[in-house]
Amino acid sequence: MNDHELVAMKKRVQRLVYIAAGGKIKEEELGRWDIDLRTIGLDSLGYLNLLEGLERTFGVAIDLDQEEDHSFLHTIDNIVRYLVAQQGQAA
Amino acid sequence: MIWNAMSDCLERHRWRRAVTGGAEVLTYEDLGGRIHTAAGLLRAHLPEGAHVGFCLGNRTEYVVLYFAALAAGCLPLLLDANFNTGEIEAIRSDCGLDALVIERTKVDALGLPGKGDPVPFDGDVAILPLSRLVEPPFRPRPETEVCRFTSGTTGRPKCLEFSGHAVVSAASNWVLGTGMTGEDRTLCLAALSNGLAFNTSLLSTFLAGGELCFLKGSPLTRPVARRIAESGITRLVAFPTLYRNFVAPGGPDRAMMAGLKHAISAGAPLWPDVREEFRAAYGIDISDYYGIAETGPCTFERQAGHHTGLGEPLPGVEIRIAPPHPDSPEDPEGAGEVLVRTSSMASGYLNHPGMFEARVDADGFYHSGDRGRIVDGRLHLVGRTQDHINVAGRKIDPTEIVAVVTALDGVADAVAFPDEDLNREALVHLVVVAADRESTNELTKAAVVEACRSRLAPYKVPGRISFVDEIPRTGIGKPRIAVLREQLNTSA
């Protein structure tokens, strides 16, 4: 995946986070892709919505019980890194 | 009494399937064996009549240890698995806790002073013995067999006491009123500490000879649908958000849901359009359950195709509507406070003596704080008479949040009130006034969120935070929420 595609993917994830949070997080707060989403108000319900969105958008099923470390969901950068790795494994 | 009822179920249905969690399936006979072993473990490690707190998500071990505690003569106290250390400590000092049933990995994070090492149980569950530093000021009533909790103020959850009679009544009335049978397989996605799951799924499933199933992992629509298809689930007990996600574009196929007969929603009001779309997509009517922590289950819609209201009273439930309050002139005709009398009522709050009794009138009806009316025998809610904020079925006292925030350096004033996000989910909206308006930049949203996260249970953390120069108030200092909302909408 080249840089251009990575940026496009981050923007899609950014949009999914915004939708998942139901507007509780402002779009400008999501401008930094390394910000910890929990500190700007993504709660457990928001994460549930986000997981649904990621699965439907990228076809990657995320089973939190299978992942000991959940830090891959803490920032948009981490989420994209995880998605790329999962898609690479599936390919 | 609860254990007697359960013992009878274990004997009567011994060859049937009782509990399925992940790949593990227990028959009633298996379950009985596991309960007896666990009861022996509790007797060996805990004093007689021990107060055992359950701070655990849904799983087979929860069911085993809950009934084991009853069999061993202990008092189970069903805590919200999201309670933080402060809230558990408050329960411990108010009600007394001799042990905590908890995931092993959470023991260290909670930092509670244990009495020896955690006792390993099956799976990733441990029993953490706790020492009683002082005798708690409150003693449960002799007839109390289970305690559950509702949100309290200042971080002290209110402990509701239930007699065995009340718990068995709630379960048997649910079985009778909803037509539950031994052929039912219930997938319960609501926490067992919550009244919805406790009353609709736990003992009731076993009284009917049915099977109780849990989902491992997050309650996402595809795993849920897969589970429904693979396990032949007939009843789904869930919350509005899950149903909304089902009907969002790209939701699971109708064929996967073919075996489902009852979909039950609770915790928050179900959006009418979601109910309609779910019926259109899957051919199933969602029953919008209405229950109150203090009274147990109240209503259920039995008639397929009836799409408004919250259904008719269950067996053992009487509902009255109080005359309209003069302060609620906006209520539709016939609406007033919902008063409920059930055979499954709590006995009282263990740590708030007199508070429950003050809300029960001379005829034994509990004043719910909800406003509603009866139309064609069905209950319709129109609002609440109290100031609590209902977020996903948990009632939050806004004064607790305001107390935390106004104690922060740099905060001059604050108010919290119910609001909705763009997904129409209820949330707590916190509005803050900085003490020094020149330094507003230093008082960031992240700082306020962090302060709330460190002092409050996660569900109490405000979902939206706004900063204003001044909170409009009445002459007696009461915040004028409607005016504030208008100001915020204008400036958005």
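Observations
- The one condition from (1) buried (at least 20 other Cβ atoms within 10 Å of the Cβ); (2) under 18 Å from B:Val224 (Cα atoms) that A:Leu48 does not meet is (1).
- Within region B:130-163, tally of residues that are under 23 Å from the mean Cα position of the chain (by Cα) and part of a strand (DSSP E or B): 13
- For region B:326-334, the criterion of being modelled with pLDDT of 90 or more and either among the hydroxyl-bearing types (Ser, Thr, Tyr) or in contact with a strand residue (DSSP E or B) (Cβ under 7 Å, 6 or more places away or on another chain) (or both) is met by no residue.
- Test: residue in region B:104-122 that is outside any strand (DSSP E or B) and either buried (at least 24 other Cβ atoms within 10 Å of the Cβ) or touching a residue at least 60 places away in the same chain (Cβ under 8 Å) (or both): yes
- Any hit, region B:116-129, residues being more than 23 Å from the chain's Cα centre (by Cα) and within 14 Å of chain A (Cβ to nearest Cβ): yes
- Residue list for region B:457-488, restricted to those being within 12 Å of chain A (Cβ to nearest Cβ) and either assigned to a helix (DSSP H, G or I) or out of contact with any Lys or Arg (no Cβ under 8 Å at 6 or more places or on another chain) (or both): B:Ala457, B:Pro458, B:Tyr459, B:Lys460, B:Pro462, B:Ser466
- Among the conditions (1) free of Cβ contacts under 8 Å to residues at least 60 places away in the same chain; (2) among the β-branched types (Val, Ile, Thr); (3) assigned to a loop (DSSP other than H, G, I, E, B), the only one that B:Val274 does not satisfy is (3).
- Filtered residue count, region B:200-220, keeping only those that are modelled with pLDDT of 90 or more and either among the small types (Gly, Ala, Ser) or over 26 Å from A:Gly46 (Cα atoms) (or both): 12
- Residue among B:Gly40, B:Gly33, B:Gly53, B:Gly57 that alone is under 19 Å from B:Ser163 (Cα atoms), out of contact with any Lys or Arg (no Cβ under 7 Å at 6 or more places or on another chain) and not aromatic (Phe, Trp, Tyr): B:Gly53
- Unique residue being over 24 Å from the mean Cα position of the chain (by Cα), within 14 Å of another protein chain (Cβ to nearest Cβ), part of a loop (DSSP other than H, G, I, E, B) and modelled with pLDDT under 90 when the list is B:Gly251, B:Gly305: B:Gly251
- Members of region B:75-103 that are surrounded by fewer than 22 Cβ atoms within 10 Å (Cβ to Cβ), touching a residue at least 60 places away in the same chain (Cβ under 8 Å) and part of a helix (DSSP H, G or I): B:Gly86, B:Ala90, B:Asp94
- Of the residues making up region B:436-456, just one is more than 14 Å from chain A (Cβ to nearest Cβ), surrounded by 15 or more Cβ atoms within 10 Å (Cβ to Cβ) and outside any helix (DSSP H, G or I), namely B:Leu443.
- Residues in region B:199-248 that are more than 9 Å from chain A (Cβ to nearest Cβ), of a type in the set (Ser, Thr, Tyr) and part of a helix (DSSP H, G or I): B:Thr200, B:Ser201, B:Ser204, B:Thr205, B:Ser231, B:Tyr243.
- All positions within region B:294-314 that are buried (at least 16 other Cβ atoms within 10 Å of the Cβ) and of a type outside the set (Asp, Glu): B:Thr295, B:Gly296, B:Pro297, B:Cys298, B:Thr299, B:Phe300, B:Gly309, B:Leu310, B:Gly311, B:Pro313, B:Leu314
The values are calculated or read from the model by the stated rules, or taken from the named source; none is laboratory data. Source: prediction; values computed, not measured. We place every Cβ from the backbone using ideal geometry, glycine too, and count neighbours over all the protein chains shown.
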